[in-house]
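The values are calculated or read from the model by the stated rules, or taken from the named source; none is laboratory data. A quick note: this is a predicted structure, and the numbers were derived from the prediction, not measured. Neighbour counts run over all protein chains shown; Cβ positions are idealised from the backbone, glycine included.
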Amino acid sequence: MSTTKEEIAERAMHYKHSTFSGEMHVGANDVRPLMMRFLNEILAGFRKSFSREATFKWFVVIVAGLLVRTDHLGVTSVIRGLCLSVDYVTMIGFFRSSAWTLDALTERWCALVREHAPLVKMGDAFIIVGDGVKQFKEGRKMPGVKRLHQESEDSSKGEYIWGHLFGGLGILAETAKKSFCIPLAAQIQDGVKTIFGWCNEGEQKERQQSHVVEMIRLANKATMSFIKRILLLDRLFLTVPALRELDKINAEGQTMEIVIECRGEHCSPTARLLSCPGRKQGSAAGQR
């Protein structure tokens with residue numbers, strides 16, 4: 001049995017009205033109405049990020065499909081998970097729509113996280129966590145796929161793989177019983193310089209830097225609404241270009257600090273660069 005987008009939207013609206021009006025009778029321990037209210041509130045918060053209502057409805061349908069899908073095979077997983085009577089090409093049109101932008105969705109998501117999540121703060125600063133991950137891909141002709149070096153000490157993994165290099169950000173939150181990290185943003189940060197070279201001059205310059213510099217820029221751009229931030233990174237990101245980018249951000253009036261674990265007892269950034277295993281001292285010293 002297939003379901004259309006309009007039928008899903010109609011059922012969601014009926015469920016919303018019946019839940020808020022108290023018409024739905026559930027057990028005392030049933031948390032489903034509370035969950036549906038929360039999801040409805042979060043998804044409704046994205047409406048202003050879309051210039052067309054039809055595109056926003058597709059956004060709700062796709063998010064619902066991502067929540068209930070049983071496999072991870074892209075758009076087809078969403079169609080199967082919701083038993084939609086639409087074809088692949090129709091749903092792909094949503095991702096190519098000009099009615100929304102990724103920056104607007106990221107900004108709104110960060111605002112909703114700040115509003116609803118029990119975030120961890122050190123003083124008056126929020127704790128942001130960033131890291132890179134390499135995702136193996138079979139298709140070598142896919143945009144952004146390139147030959148990547150594996151730093152893992154697992155002998156079962158090859159020294160090089162073909163895949164995407166993602167940079168991801170999250171923010172720390174905690175309750176009385178559990179601590180966790182809420183994802184905020186992610187982007188491919190290597191292998192896309194040629195693609196972004198076709199864009200306008202401003203975006204072209206923004207995406208032509210190294211992975212470590214783009215991580216600092218992503219952290220600042222995605223979490224700007226949090227005002228004061230402490231960014232936690234591993235020692236891969238302790239480079240002179242990254243520190244210069246951080247200084248540039250703070251000089252523009254932003255407030256972001258980074259905390260990086262590094263081996264050695266040195267205190268100065270240059271000394272830490274020279275002490276990190278795997279880095280050539282000549283290249284580090286040349287950037288001082």
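For LEU165, indicate whether it is within 22 Å of LYS221 (Cα to Cα) and either surrounded by fewer than 17 Cβ atoms within 10 Å (Cβ to Cβ) or modelled with pLDDT of 90 or more (or both). It is false that LEU165 is within 22 Å of LYS221 (Cα to Cα) and either surrounded by fewer than 17 Cβ atoms within 10 Å (Cβ to Cβ) or modelled with pLDDT of 90 or more (or both). For VAL89, state whether it is within 22 Å of CYS181 (Cα to Cα) and surrounded by fewer than 16 Cβ atoms within 10 Å (Cβ to Cβ). When the stated conditions are applied, VAL89 does not pass them. Of the residues making up segment 113-144, those that are in contact (Cβ under 8 Å) with a residue 24 or more places away in the chain, out of contact with any Asp or Glu (no Cβ under 9 Å at 6 or more places or on another chain) and either aliphatic (A, V, I, L, M) or not assigned by TED's automatic domain parsing to the domain that holds ASP190 (or both) are VAL113, ALA117, MET122, ILE127, ILE128, VAL129, VAL133. Taking only segment 236-288 into account, find how many residues are modelled with pLDDT under 85 and either among the aliphatic types (A, V, I, L, M) or assigned to a helix (DSSP H, G or I) (or both). Summing the residues that are modelled with pLDDT under 85 and either among the aliphatic types (A, V, I, L, M) or assigned to a helix (DSSP H, G or I) (or both) in segment 236-288 gives 14. Within the option set GLY74, GLY81, being without any contact (Cβ under 8 Å) to a residue 24 or more places away in the chain and surrounded by 16 or more Cβ atoms within 10 Å (Cβ to Cβ) holds for one residue only, GLY81.
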